[in-house]
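The structure under discussion appears below in the form of structure tokens.
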Amino acid sequence: MNDGRKDDAEKARVDLLPVRALELVSRVLGFGARKYGVDNWRLVPDARRRYYAAALRHMFAWWRGELVDPDTGESHLAHAAASLLFILELEQESK
């Protein structure tokens, strides 16, 4: 008899991810893929430093009250989040 057991207590809680925010980040990633190519961000020289600078530029623009990036029409926060995700991914890959 099945007791309804599922051994997922130690698994990542991906159901907790903020879906609307991730959709906005995905739109930024789609824009970048169309402009530069899919996964081009992995090929950028000195990527960690440059994406850190990009994240800060978007955060500063947002802090000044500019909610949307004028070049893409997408959220500055979504751009900053995308840059931070790139840095995080590169960090994890280097372990």
**Request:** Quick one: which residues, 5 or more positions from residue 74 or on another chain, have an amide H under 5 Å from its amide H? H modelled 1.01 Å from N in the peptide plane, none for Pro or chain starts.
**Result:** 69
**Asked** Can you give the accessible area per residue of the chain, in Å², using a 1.4 Å probe?
**Response** 81 Å²
**Request:** Based on the mean of other Cβ atoms within 10 Å per residue, sort peptides 16-23, 33-40 so the most packed one is first.
**Result:** 33-40, 16-23
**Message:** Tell me the carbon and sulfur percent of the accessible area for the chain, rounded to whole percent, probe radius 1.4 Å.
**Reply:** 57 percent
**Request:** With log10 I(q)/I(0) by the Debye sum over Cα atoms at q = 0.16, 0.26 Å⁻¹ defined as stated, name the option among (1) -0.74, -1.42; (2) -0.85, -1.25; (3) -0.55, -1.54 computed from the structure displayed.
**Result:** (1)
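The values are calculated or read from the model by the stated rules, or taken from the named source; none is laboratory data. All values reported here derive from a predicted model rather than from experimental measurement. Virtual Cβ from ideal backbone geometry, glycine too; neighbours counted across all protein chains shown. Just so you know, the surface numbers come from the protein's heavy atoms only, side chains and all, with ligands and any DNA or RNA stripped out. Shrake-Rupley method; radii C 1.70, N 1.55, O 1.52, S 1.80 Å.
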